[in-house]
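*Asks:* Before I ask anything, here is the structure I am working with.
The values are calculated or read from the model by the stated rules, or taken from the named source; none is laboratory data. Here the structure is a predicted model, which is why all the values come from computation and not from measurement. As a convention, Cβ positions derive from the backbone with ideal geometry for all residues, glycine included, and neighbour counts pool all protein chains shown. SASA here: full protein model, heavy atoms, side chains in, ligands and nucleic acids out. Shrake-Rupley method; radii C 1.70, N 1.55, O 1.52, S 1.80 Å.
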Amino acid sequence: MTTQTSVVTPERFETGYKSFAEWMAAIPEHQTEFQGHYDAFTPDAGDIAAVKALVEKHGVKAFCIGEHWCPDVWRGLPVFAKVAEGTGITARYFERDENKDIMSEFLKDGEFESIPAMVFYDGNHRYLFHWIERPQLAMDDMARLRAEILAPAPTEDGPERQAAQAAYRAATATHAPQWRHATLTEWRALLEKTLA
């Protein structure tokens, strides 16, 4: 992915919301969910120091594309915001449905508009990598929780199914702290590998 073929030129990058506060002011609802994840996340100091060193050396910048209604975005975008604030990454935030041309460049498996998507560049706007949706730990945990909680429940909507869905949501909430930290761990590893 290069600036010659990407719709995300340096100029387009600058059109995104410039802070978590701007994102929060722009979205129509779910501020409570975003703020809860933001407040609950304290990044690992070692991860922050390592990423900050890379930011200072390579001028790392990044954007997050998401939507206000998505639970993965509620969890992932605040991590992005805290990491940007702690490391000096120049960060921008885009709404997916208002920026379909950007989303089309970063589809999961080349097909799905999965969010959040975080896209990282160096200081010369050279594409480094992108990261989509959730960390591998969350993927593994969610698959296990679906098998344990949702699979045994009836597939038709009704009290049993609704109870299972509520139990699944509660179980995923208890895993959120580990998933937030795993997100930063994955970004750090990708930055170190790409900028080595």
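*Asks:* If Glu192 satisfies all but one of (1) open to solvent by 90 Å² or more (accessible area, probe 1.4 Å); (2) among the acidic types (Asp, Glu); (3) assigned to a helix (DSSP H, G or I), what's the number of the condition it fails?
*Replies:* Against the list (1) open to solvent by 90 Å² or more (accessible area, probe 1.4 Å); (2) among the acidic types (Asp, Glu); (3) assigned to a helix (DSSP H, G or I), Glu192 comes up short only on (1).
*Asks:* Can you give me the number of residues within region 111-129 that are exposed (fewer than 13 other Cβ atoms within 10 Å of the Cβ) and acidic (Asp, Glu)?
*Replies:* Result for region 111-129: 1.
*Asks:* Does region 90-129 hold any residues that are touching a Phe, Trp or Tyr at 6+ places or on another chain (Cβ under 8 Å) and closer than 20 Å to Lys18 by Cβ, and which are they?
*Replies:* First pass over region 90-129, keeping only residues touching a Phe, Trp or Tyr at 6+ places or on another chain (Cβ under 8 Å): 91-94, 102, 116-121, 125, 127-129.
If the condition is that a residue be touching a Phe, Trp or Tyr at 6+ places or on another chain (Cβ under 8 Å) and closer than 20 Å to Lys18 by Cβ, then Ala91, Arg92, Tyr93, Phe94, Ile102, Pro116, Ala117, Met118, Val119, Phe120, Tyr121, His125 are the ones that fit.
*Asks:* While we're here: Can you tell me how many residues within region 130-140 are open to solvent by 20 Å² or more (accessible area, probe 1.4 Å) and either more than 15 Å from Phe112 (Cβ to Cβ) or touching a strand residue (DSSP E or B) at 6+ places or on another chain (Cβ under 9 Å) (or both)?
*Replies:* Result for region 130-140: 6.
*Asks:* Related question: Among the numbered criteria (1) part of a strand (DSSP E or B); (2) among the aliphatic types (A, V, I, L, M); (3) surrounded by fewer than 13 Cβ atoms within 10 Å (Cβ to Cβ), which one does Ala147 miss?
*Replies:* (1)
*Asks:* Within region 134-143, is there a residue that is farther than 28 Å from Glu56 by Cβ, part of a loop (DSSP other than H, G, I, E, B) and among the hydrophobic types (A, V, I, L, M, F, W, C)?
*Replies:* No - not one qualifying residue is present in region 134-143.
*Asks:* If you don't mind, another one. For region 170-186, give me each residue that is touching a residue at least 40 places away in the same chain (Cβ under 8 Å) and open to solvent by 40 Å² or more (accessible area, probe 1.4 Å).
*Replies:* Pro177, Gln178, His181, Thr185, Glu186
*Asks:* Here is a further query. So which residues in region 18-39 are among the aliphatic types (A, V, I, L, M) and open to solvent by less than 60 Å² (accessible area, probe 1.4 Å)?
*Replies:* Of everything in region 18-39, those that are among the aliphatic types (A, V, I, L, M) and open to solvent by less than 60 Å² (accessible area, probe 1.4 Å) turn out to be Met24, Ala26, Ile27.
*Asks:* So, in region 3-17, exactly how many residues are modelled with pLDDT of 95 or more and open to solvent by 80 Å² or more (accessible area, probe 1.4 Å)?
*Replies:* Looking only at that region, the number is 2.
*Asks:* Restricting attention to region 80-102, which residues are closer than 16 Å to Pro10 by Cα, buried (at least 16 other Cβ atoms within 10 Å of the Cβ) and out of contact with any Leu (no Cβ under 8 Å at 6 or more places or on another chain)?
*Replies:* Within region 80-102, Ile89, Thr90, Ala91, Arg92, Phe94, Asn99, Ile102 meet the criteria.
*Asks:* (1) under 17 Å from Leu77 (Cβ atoms); (2) open to solvent by 30 Å² or more (accessible area, probe 1.4 Å); (3) in contact (Cβ under 8 Å) with a residue 24 or more places away in the chain; (4) not hydroxyl-bearing (Ser, Thr, Tyr): which one isn't true of Phe63, the others all being true?
*Replies:* That leaves (2) as the condition not met.
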